[in-house]
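S.K.: Mind looking over this structure? Questions follow.
Nothing in this text is a laboratory measurement; each read-out follows from the coordinates by a stated rule. Just so we're clear, the structure is a prediction, and the values are computed from it rather than from any experiment. Positions of Cβ are generated from backbone atoms using ideal geometry, with glycine treated the same way; all protein chains shown enter the neighbour counts.
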Amino acid sequence: MKIIMLGAPGAGKGTQAKKIAKKYEIPHISTGDIFRANIKGGTELGMKAKSYMDQGQLVPDDVTIGMLLDRISEADCEKGYVLDGFPRTIPQAESLTAALKERGEKMDYAVDVDVPDESIVTRMGGRRACLKCGATYHVVFNPPKAEGVCDSCQEALVLRDDDKPETVQKRLTIYHDQTQPLIEYYKEQGILVTVDGTKELNEVFKDIVAVLGA
Ligand code: ADP
Ligand code: ADP
Ligand code: ZN
């Protein structure tokens, strides 16, 4: 099964993508996590991505598309995957569609996690991230077992630089401008599924499973 997660920054794409990956035994591919791992490791890709990310802007398509297409060509992707944070622009979506078509494949579902802008700022301010394993928490809605520490790898949790309120506003504007048109794009492909992302996170997951199948 090949799934795309759509939705604003902070809508809960990552949270749901991890649950989907576990249940359906497919890899969770987050372009944001790949970029952050590269920044942490000091790679050339990381250096290219960092300035854009810090400013809340999108990393250019020429960097992002190649990276993602390489990733989905790896052996663990044969049974499918869940994409989280890609595509984010129409050219990214078109490249993905074309690359899959060449292999006689297509995406199965694009799941739009729908959350209004008002709720996003609260969610982002409370988000805490583990930069080691990619886990995310929320100080109120999804707290870790021990405050400030990752449940799975005991790394100290951080508030991402780009989750500060002024950057969140900018990311939301870019989302509406460049990413939201993908909802229409996948609707036209006939694979769009919309879920109400304001519900409690296990409820949102139930709604997704109801469509994807148990
Ligand atoms: P969130 O989960 O809050 O939406 P991500 O971790 O997906 O954030 O992305 C963090 C940042 O990484 C983005 O603001 C952007 O700078 C960069 N990024 C991630 N995926 C893409 C992409 N597909 N295209 C361009 N930039 C991306
Ligand atoms: P995205 O990947 O779309 O940027 P995340 O999955 O990282 O979003 O979620 C953003 C923040 O909101 C995190 O702190 C997460 O724990 C929290 N969160 C996710 N889903 C819900 C939900 N349904 N209700 C409340 N908070 C949520
Ligand atoms: Zn961790």
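S.K.: Which condition from (1) in contact with a strand residue (DSSP E or B) (Cβ under 7 Å, 6 or more places away or on another chain); (2) within 13 Å of ligand 1 (Cβ to nearest atom) is the one that A49 breaks?
M.R.: For A49, the failing item is (1).
S.K.: Out of the stretch 116-166, which residues are within 12 Å of ligand 3 (Cβ to nearest atom), of a type in the set (A, V, I, L, M, F, W, C) and not in a loop (DSSP other than H, G, I, E, B)?
M.R.: Scanning the stretch 116-166 gives A129, V149, A156, V158.
S.K.: Just name the residue that is farthest from the chain's Cα centre (by Cα) out of those in the stretch 99-115 that are at negative phi and in a loop (DSSP other than H, G, I, E, B).
M.R.: R103
S.K.: Here's a follow-up. Taking D33, is it of a type in the set (D, E), out of contact with any helix residue (DSSP H, G or I) (no Cβ under 6 Å at 6 or more places or on another chain), within 19 Å of R127 (Cβ to Cβ) and surrounded by fewer than 22 Cβ atoms within 10 Å (Cβ to Cβ)?
M.R.: Yes, satisfied.
S.K.: I'd like the residue in the stretch 18-46 that is more than 28 Å from L212 (Cα to Cα) and of a type in the set (A, V, I, L, M, F, W, C) and, out of all such residues, is nearest to ligand 1 (Cβ to nearest atom).
M.R.: F35
S.K.: Next up: Name the residues in the stretch 93-110 that are in contact with a helix residue (DSSP H, G or I) (Cβ under 6 Å, 6 or more places away or on another chain) and surrounded by 17 or more Cβ atoms within 10 Å (Cβ to Cβ), would you?
M.R.: Hits for the stretch 93-110 are A93, S95, A110.
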